[in-house]
Amino acid sequence: MSQSEFWNSSVLKSLKPVLEKSTLVHVNEAKIIEVANWMAYEEFAKADGSMLFDFGNDPDFLMDYTLVVNTLNFAFTDFKTGVKFETDYLGKRWCDSEAMLACLHRARAAGVPFFEGEYLAKVTRAELAQVFSGTIEMPMLDERVTILNEVGKKLVADYKGKFHNFVRSCAPKLYSNGDGLLERLTKEFPRFEDVSAYKGDQVQIYKLAQLGIWMMHLTLAPRKAWKLEDAHLLTAFADYIVPVGLRVMGIFEYAPELEKQINGLTIVERDSDAEIEIRANSLYCIARLTDEVNARRKGLEPLLMPQVDYRLWKSYHATHWPHHLTVTTMY
């Protein structure tokens, strides 16, 4: 098995206890090789700074945008019905997190100062429901209000109401002896402290923190406005969708009781063994798949784990194959 430098990341190293003790999620290593044998020959587009919706080119605003978005980038499926949040905008129906982005673009066009700390600190449920108007009520709306209020107050108190002031106060790295962007984001903003306790060990997942940083890098590096200097250490983003892709491809195999739970849309409790095993093994499998794909792309620029993650997310985020349901604000 190839051992790329990224295996030394804090997040991947923290997965070891789960990988050694998992009983509900089994990883089929042979299937990883099988998938890598064909995925290696797909096209993986290079980042060009383009975005799903046009939010302009001001680097400071784009920093504000990406981190505010990722305070909210979780739970787009109704936990009782299994129906996903969708909205109609610009002549198209958008689903899941893309629907959230459509709502935010629509709100900004209407003059809502959504990306300013002063607004976030005071936003109400009714105001948020209006911003996120769609086919169903945005799931976990009350929790979103609480999160935005807390984040907004922190931004107003310490960073003049803007996330870009926080970003520019950090080293442009994930890890930098405590001054790295990931290190500080997960420490200063509790909303991003995505860790779980598994049989006596602490497991770092950091889905939304890493996703926000990756989105900034994707958007700003091609514009030569800001870049993450250790982007190769970013892991995948452990959510509901990537496990679906891994399950469909045969890389994930579930214990019968977990398979029944997921297919029956029965809640998988936050921080249960099942939930942690799904997320931790997702990160591991994307890292392994990235390694194997890169080994077959000799002479080409190595892929990063978020690129392989997106390959699965984009293919399966609107699928009818059931995903696990966990009531959480972390993904």
Residue with peak Gaussian network fluctuation, the chain [Cα springs, cutoff 10 Å], from 235, 71, 81: 81
Residue with peak Gaussian network fluctuation, the chain [Cα springs, cutoff 10 Å], from 199, 162, 187: 199
Pair-distance profile P(r), taking every C-alpha pair of the stretch 105-226, with 10 angstrom steps and integer %: 12, 35, 37, 15, 1
For the chain, size of Cβ-based charge dipole, Lys and Arg +1, Asp and Glu -1, in debye: 460 debye
MRE, 222 nm, helices only [DSSP H, n ≥ 4, -39500 (n - 2.57), over the chain, to nearest 500]: -14000 deg cm²/dmol
Convex hull volume of the chain per residue (C-alpha atoms, cubic angstrom): 133 Å³
By average C-beta atoms within 10 angstrom, highest first, the peptides 210-218, 241-249, 48-56, 300-308: 210-218, 241-249, 300-308, 48-56
The stretch 113-164: relative contact order in percent, alpha carbon pairs under 8 Å with at least 6 residues between: 50 percent
Length-normalised contact order of the stretch 188-308 in % [C-alpha pairs under 8 Å, at least 6 apart]: 26 percent
Relative contact order (%) - criterion: Cα under 8 Å, at least six apart; region: the stretch 5-316: 27 percent
Environment charge at residue 17 (Cβ cut-off 9 Å; Lys +1, Arg +1, Asp -1, Glu -1): +1
Greater than 22 Å apart at Cα, pairs in 122/162; 162/227; 153/187; 173/224: none
Local net charge near residue 135, Cβ-Cβ under 9 Å (Lys/Arg +1, Asp/Glu -1): 0
Antiparallel %, DSSP beta bridges [both residues in the chain], to 5: 90 percent
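Each value in this text was obtained by applying a stated rule to the coordinates, not by laboratory testing. In this text, all values refer to a predicted model and were calculated from it rather than measured experimentally. Neighbour counts are summed over all protein chains in view; Cβ atoms, including those assigned to glycine, are modelled from backbone coordinates with ideal geometry.
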